[in-house]
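Each value in this text was obtained by applying a stated rule to the coordinates, not by laboratory testing. Every value quoted in this text rests on a predicted model; they were computed, and no experiment measured them.
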Amino acid sequence: NDMKKYENLIRMTPGVEYIRVTLKDGRVHGCVFIGDTELEETFENLILNQIDVSSYGETLLDPNIDIADYFD
């Protein structure tokens, strides 16, 4: 089943934000952002450029890390 190859990362702060990032083969294939996350442009570029982010794991959604700094 091809769906088993997808991995979802989720960060949720109730009443503030909800972020879900869908990965396949270490690359971002889709995202859902609810609230003011300031991550939209970064993840749009990750999707368009198909950059392998597998080495970052859960760090992609760590609120203490400015992930945009890694991919500018």
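Brief remarks follow.
- Fraction of C-alpha pairs exceeding 18 angstrom in the chain: 34 percent, rounded to a whole number.
- Our summary gives region 2-71 a relative contact order of 24 percent, counting only alpha carbon pairs under 8 angstrom and 6 or more residues apart.
- Once the chain from Tyr6 to Glu44 is taken as fully extended at 0.36 nm per residue, the excess over their C-alpha distance is 11.9 nm.
- Using the rule -39500 (n - 2.57) for each DSSP H run of four or more residues, divided by the residues of the chain, the 222 nm mean residue ellipticity is -5000 deg cm²/dmol.
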